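What follows is calculated from the coordinates using simple rules that are stated; it is not laboratory data. These numbers were taken from a predicted model, which means no experiment stands behind them. Heads up, the Cβs are rebuilt from the backbone with ideal geometry, glycines too, and the neighbour counts pull from every protein chain shown.
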């Protein structure tokens with residue numbers, strides 16, 4: 001099932017996960033949510049993987065939303081379970097100990113935008129559009145859209161996107177802080193892989209420490225966040241990578257990090 005729903009490739013420490021439902025604009029049904037959850041669990045536990053890139057198959061969509069045909073028949077209890085299923089998977093991505101880059105190649109709407117926002121970085125084609133159109137279905141975001149938008153771009157923009165349901169351009173998403181970078185559509189994969197390769201060459205334990213600091217700091221007060229950062233900073237001094245990085249700087253050479 002996973003082979004059918006996801007295309008998985010690994011090269012030079014970068015694992016690319018491509019949602020493979022182009023005929024459905026890569027819509028997220030329950031099986032796809034489960035396949036993604038398993039794929040990210042595998043990537044987290046694989047020491048050869050240092051960075052994950054997530055994208056959608058086909059030229060039109062990253063993910064155009066959740067699967068409306070599947071949702072249409074759900075009971076209230078099943079609807080809550082479906083929401084929790086997606087939320088758990090996206091929290092797994094958010095808490096990944098390795099950087100995750102969303103390569104937004106087209107529409108990222110509803111569950112698709114929620115999925116992209118759970119990734120650590122987002123690079124979008126200049127032709128991409130993003131939005132939370134659930135209001136047009138008589139629904140609200142169910143995979144954390146209201147909460148992650150609020151943290152990324154503030155109250156006013158969150159209410160605009162969620163209450164109107166209107167999609168916005170990649171340029172507008174960049175201005176709001178939803179997207180990190182925009183590149184021409186023809187250059188999207190090359191630019192994303194360039195960034196992924198750069199991150200894959202960095203010190204894995206330092207990357208993990210920074211991800212942990214941001215995740216913890218985003219959910220606590222400044223004093224607690226500073227204490228956590230100081231603890232992570234001290235812990236880095238126990239790693240071979242720290243010795244290698246500082247030695248390479250002093251010796252004017254490129255470091256070779258091993259993740260130890």
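For the reader, a short list of remarks on this structure follows.
- For the stretch 31-77, filtering for residues that are closer than 30 Å to residue 205 by Cβ, assigned to a loop (DSSP other than H, G, I, E, B) and free of Cβ contacts under 8 Å to residues at least 40 places away in the same chain leaves 2.
- Among the candidates 16, 55, 32, the residue that is surrounded by 22 or more Cβ atoms within 10 Å (Cβ to Cβ), within 21 Å of residue 114 (Cα to Cα) and out of contact with any helix residue (DSSP H, G or I) (no Cβ under 6 Å at 6 or more places or on another chain) is uniquely 55.
- Scanning the stretch 66-91 for residues that are surrounded by 17 or more Cβ atoms within 10 Å (Cβ to Cβ) and under 15 Å from the mean Cα position of the chain (by Cα) gives 86, 87, 89, 90.
- Any chance residue 141 is within 16 Å of the chain's Cα centre (by Cα) and in a loop (DSSP other than H, G, I, E, B): no
- The stretch 122-136, residues that are touching a strand residue (DSSP E or B) at 6+ places or on another chain (Cβ under 6 Å) and either assigned to a strand (DSSP E or B) or under 8 Å from residue 162 (Cα atoms) (or both): 122, 123, 124, 129, 130, 131, 133
- All positions within the stretch 182-202 that are touching a helix residue (DSSP H, G or I) at 6+ places or on another chain (Cβ under 8 Å) and free of Cβ contacts under 8 Å to residues at least 60 places away in the same chain: 182
- Residues that are touching a residue at least 60 places away in the same chain (Cβ under 8 Å) and either surrounded by 20 or more Cβ atoms within 10 Å (Cβ to Cβ) or over 19 Å from residue 216 (Cα atoms) (or both) within the stretch 142-156 comprise 142, 143, listed in sequence order.
- Here the helices (runs of 4 or more DSSP H) wholly within the stretch 151-260 that include at least 3 residues being at negative phi and under 18 Å from the mean Cα position of the chain (by Cα) are 170-176, 188-200, 204-217.
- Options 112, 13, 86: the member that is closer than 15 Å to residue 141 by Cα and touching a residue at least 60 places away in the same chain (Cβ under 8 Å): 112
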